[in-house]
Structure formats: structure tokens, C-alpha cells
Amino acid sequence: MAGKPTVGIYSFTGCEGCSLMILECEDQLLDVLELVEIVNFREGMDKIADQVDVAFVDGAVSTSHDIQELLEVRKNAKIVVALGACAWPGGLNVMKNFQDQEDVRRYVYGDKWAAYDAIPARPIDRVVKVDYYIRGCPIDRDEFLEVTQAILMGRAPNIPNHPVCVECKLSDNPCRFDFGEVCLGPLARAGCKAICPSFGTKCEGCRGMVDEPATQAHRGVLEKYGLSVDDMMREYRLFGGWFWGGDLGVPDLPERATSK
């Protein structure tokens with residue numbers, strides 16, 4: 001990229017924890033700011049400009065207004081990066097898709113439910129073309145820095161494509177299956193440094209699955225502990241529900257193919 005690239009950080013439906021993780025980069029963020037100019041970041045500054053070289057998008061799409069705003073972000077950005085599990089694969093937001101949508105709106109908004117714009121939640125790449133993904137709930141700071149550096153250097157980012165179990169073994173963590181938990185570590189994409197098992201709880205697959213999961217090996221683990229594939233799928237639905245019925249047959253928008 002010629003000159004000092006401009007960056008925008010945009011938030012849709014989510015807790016904005018992944019956007020806040022950027023601020024958690026602390027001293028390393030100062031190094032990033034030497035290389036880029038941030039012109040849009042709700043968590044850190046007032047908006048300066050609409051046109052950006054790189055747009056980091058946090059949060060899922062859950063309203064018609066989100067769709068229109070996201071299309072505008074895509075139109076004004078050369079590169080779009082999905083930031084965190086809500087942006088891809090929809091994260092916890094997709095849990096509402098498994099319930100009656102009118103009932104959900106009535107529960108949340110009460111007798112004013114009809115006045116609120118709400119649609120089934122979806123990942124941002126069901127609306128626009130996404131160029132890069134930074135996974136997790138929340139994102140890993142080191143991975144954010146790696147992807148940002150890769151974009152600026154024009155190379156492919158180094159993103160792990162092996163299961164969390166590898167990182168667990170490297171950290172000498174006890175297996176969470178031994179504690180009677182249904183852990184997604186054998187299938188989930190590493191890169192989080194096995195943070196959940198390292199602090200005494202199971203992996204819930206917030207980074208999605210590896211490209212070619214060893215399903216047969218995982219089946220053997222489940223059988224060993226008296227569990228089924230359905231038990232595992234129920235766990236995966238927490239973050240990956242979009243791929244297990246949460247899509248509700250929602251089609252991609254025609255604009256998804258549009259990219260600058």
C-alpha cells in the first residue's frame with residue numbers, strides 16, 4: 001500500500017470485546033499507529049473519514065440497518081477483515097435463530113416489539129465479501145497484530161490450522177474429557193494458546209473448526225468417554241450454530257460478490 005494506509009474499525013451486534021482487544025495491544029498498538037492512520041473507531045475516537053484501506057468489522061448482522069451499513073463499509077474499503085466470533089461465524093447471536101423470531105422480539109422488547117428492526121443473526125460474510133478472518137471470542141491480540149502486519153506487507157497471514165489439542169499438549173494441560181466435559185479441542189482451530197483449558201475449562205470452539213478435522217479420531221475420544229457426536233454438535237452450536245441449522249436457509253445477498 002502506498003503512503004500511510006487508513007484503517008476503520010466498525011462494530012455491529014456484539015459486546016465489542018474484540019474491538020476493545022485492539023486497545024489491549026497497548027505498547028504494540030503504538031507501533032501499529034506508526035504504520036497506519038485510524039480514521040474510524042467508535043471505542044477510541046470520533047470518525048474522521050469514510051473511505052478506508054482496511055476495515056475491521058466486529059459483530060454479527062442482526063438488523064436490516066446492519067445490512068445497509070455493512071454494504072456501505074464494504075463499498076468504502078479496499079480490504080475487509082472479520083474481527084472475532086460474532087463477525088464470523090455469527091457467534092452467540094445465532095442462538096436466537098433456533099427460536100421463534102417473533103417470540104424473541106416480544107421477549108426482548110415487550111409490547112413495543114413490532115417497532116424494532118430485527119432479523120435472524122448472520123456472519124458478515126453472508127452479506128459482503130470478506131478478505132481476512134481474525135477468529136475467537138475475543139480475538140487473540142498476537143493474531144490481530146500478525147494479520148495487520150501481513151496485510152501491510154502484502155503477504156498471507158500465518159494462521160494456525162491445527163486443533164487446540166496440539167496447544168493443550170504443548171502446555172501440559174490435563175485433558176478436559178477426563179473431567180467429564182465435552183471439549184471441542186480435537187476439532188477446533190488453534191491460535192488461542194489453549195487459553196480456556198489452560199485456565200481449567202473446556203474448549204467451546206469459538207475459533208471454528210480446522211479445515212480438515214480428524215472426525216474419526218474425535219469419534220474415538222467420544223466413545224471412550226461414553227459420549228456421542230450429537231453431544232459434540234450441541235456444544236459446537238454455541239458458537240458455530242450458523243453451520244448447524246442456524247442459517248434458516250438465509251441466502252447470500254447479491255452484493256456479497258462485490259469487492260474493491
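Taking the criterion of being of a type in the set (Asp, Glu), at pLDDT 95 or above and either closer than 28 Å to Met232 by Cβ or in contact with a strand residue (DSSP E or B) (Cβ under 9 Å, 6 or more places away or on another chain) (or both), would at least one residue in segment 181-190 satisfy it? So that I can check it myself, show each step before the final result.
Here is the first cut: in segment 181-190, the ones of a type in the set (Asp, Glu) are 181.
Now drop any that are not at pLDDT 95 or above, which leaves none.
Among the residues of segment 181-190, not one is of a type in the set (Asp, Glu), at pLDDT 95 or above and either closer than 28 Å to Met232 by Cβ or in contact with a strand residue (DSSP E or B) (Cβ under 9 Å, 6 or more places away or on another chain) (or both), which makes the answer no.
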*Could you count how many residues in segment 20-62 are modelled with pLDDT under 95 and either closer than 30 Å to Asp247 by Cα or not assigned by TED's automatic domain parsing to the domain that holds Arg141 (or both)?*
6
*Considering segment 142-165 alone, what residues qualify as being of a type outside the set (A, V, I, L, M, F, W, C) and either surrounded by 16 or more Cβ atoms within 10 Å (Cβ to Cβ) or over 30 Å from Pro5 (Cα atoms) (or both)?*
Glu143, Glu146, Thr148, Pro157, Pro160, His162, Pro163
*helices (runs of 4 or more DSSP H) contained in segment 1-82 and holding at least 1 residues surrounded by 14 or more Cβ atoms within 10 Å (Cβ to Cβ) and out of contact with any helix residue (DSSP H, G or I) (no Cβ under 9 Å at 6 or more places or on another chain)*: 17-23, 64-76
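Yes or no, residue by residue, for (1) among the small types (Gly, Ala, Ser); (2) surrounded by fewer than 17 Cβ atoms within 10 Å (Cβ to Cβ):
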| position | (1), (2) |
| --- | --- |
| Lys96 | no, no |
| Gln99 | no, yes |
| Tyr107 | no, yes |
| Trp113 | no, yes |
| Tyr116 | no, yes |
| Ala121 | yes, no |
| Val128 | no, no |
| Tyr133 | no, no |
| Pro138 | no, no |
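Can you find a residue in segment 177-194 that is closer than 19 Å to Ala82 by Cβ, over 16 Å from the mean Cα position of the chain (by Cα) and aliphatic (A, V, I, L, M)? It would help to see each step written out before you state the result.
Initially, segment 177-194 is screened for residues closer than 19 Å to Ala82 by Cβ, giving 188-192.
Then keep just the ones that are over 16 Å from the mean Cα position of the chain (by Cα); that gives none.
No, because not a single residue in segment 177-194 is closer than 19 Å to Ala82 by Cβ, over 16 Å from the mean Cα position of the chain (by Cα) and aliphatic (A, V, I, L, M).
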*asked:* I'm trying to understand the selection: among the residues of segment 219-228, which are more than 15 Å from Gly180 (Cα to Cα) and touching a helix residue (DSSP H, G or I) at 6+ places or on another chain (Cβ under 8 Å)?
replied: Arg219
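For segment 166-260, give me every one of the helices (runs of 4 or more DSSP H) that falls completely inside it and has 3 or more residues that are in the same structural domain as Arg122 (by TED's automatic domain parsing) and surrounded by 15 or more Cβ atoms within 10 Å (Cβ to Cβ). Show your work before the answer.
Details: elements: 195-198, 215-224, 229-240.
Passing ranges: none, list empty.
The values are calculated or read from the model by the stated rules, or taken from the named source; none is laboratory data. On a predicted model such as this, the values are computed, not experimentally measured, just so you know. Backbone-built Cβ (ideal geometry, glycine too); neighbour counts: all protein chains shown.
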